Amino acid sequence: MPRQIGVGLVGAAVLCLPAALRHADGAVATLPLHGYLPWALGVTLVAITEEALLRGTLYTALYERFGTPSALVVTTLAFALLHVPLYGWSVFLLDVAVGFALGTLRAITGTVLAPSVAHTVADLAGWWLR
C-alpha cells in the first residue's frame, strides 16, 4: 500500500506541474483559504468516486475481458467525456491526457489506490493552481 500511495503522489506532482509552472513567476493570483474545507471535501468525494467507477469497476471489467490496452483507452475516453459538461470541449485533449495518466497509474500498480491518490491530490492542489 505505501508503494501505491507513493506512485499516486508522484502522479499528482506530474499532473500539477504545468499549472505550478504558470504560478512560478507569481503573476497568477491564488485563491484565499476561506471556503477551502467544504470545497476540498466535495472535490475529494468526487475524485474518489470517479476513480472507483472508472479505474475500479469499469477498468477491471474491461481488463478481464479485453486486456490492458482496451481498458486504458475506454476509461481514458470516459474520463474525458465525463468532464466535457464541466470544462467544455476546449480542454478535451487535456482531460484525455489526465485520464490516460490516471489509467497508466492503474495499469502500473494494479490497483485503484494510486490513481485515486493522484486525482485527489491534484484536484486539491487545484485550489491554489488555478
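The values are calculated or read from the model by the stated rules, or taken from the named source; none is laboratory data. Note that this is a predicted model, so its numbers are computed, not measured. All Cβ positions, glycine included, derive from the backbone under ideal geometry; neighbour counts span all protein chains shown.
List of remarks:
- Which listed residue, of Val91, Val121, is in contact (Cβ under 8 Å) with a residue 24 or more places away in the chain and closer than 30 Å to His34 by Cβ: Val121
- Residue match in the range 28-42 (condition: surrounded by 18 or more Cβ atoms within 10 Å (Cβ to Cβ), more than 20 Å from Val7 (Cα to Cα) and not polar (S, T, N, Q)): no
- Checking every residue in the range 21-36 against the condition of being part of a helix (DSSP H, G or I), under 18 Å from Ala122 (Cα atoms) and free of Cβ contacts under 8 Å to residues at least 24 places away in the same chain gives at least one match.
- Summed over the range 42-59, the residues that are aliphatic (A, V, I, L, M) and more than 9 Å from Ser116 (Cβ to Cβ) give a count of 6.
- Criterion: in contact with an Asp or Glu (Cβ under 9 Å, 6 or more places away or on another chain), assigned to a helix (DSSP H, G or I), at pLDDT 95 or above and small (Gly, Ala, Ser) - qualifying residue of Ala78, Ala71: Ala71
- So Gly99, is it assigned to a helix (DSSP H, G or I), within 15 Å of the chain's Cα centre (by Cα), among the small types (Gly, Ala, Ser) and farther than 20 Å from Met1 by Cβ: yes
- Given (1) at pLDDT 95 or above; (2) over 17 Å from Trp128 (Cα atoms); (3) under 13 Å from the mean Cα position of the chain (by Cα), index of the condition Thr44 fails: (2)
- Applying the set (1) surrounded by fewer than 15 Cβ atoms within 10 Å (Cβ to Cβ); (2) touching a helix residue (DSSP H, G or I) at 6+ places or on another chain (Cβ under 9 Å) to Pro2 leaves exactly one unmet item: (2).
- Restricting the first member to the range 95-106 and to residues that are over 15 Å from Pro18 (Cβ atoms), and the second to residues that are modelled with pLDDT under 95 and assigned to a helix (DSSP H, G or I), the beta-carbon pairs closer than 7 Å and six or more apart or on different chains are Leu105/Val7; Leu105/Gly8; Leu105/Gly11.
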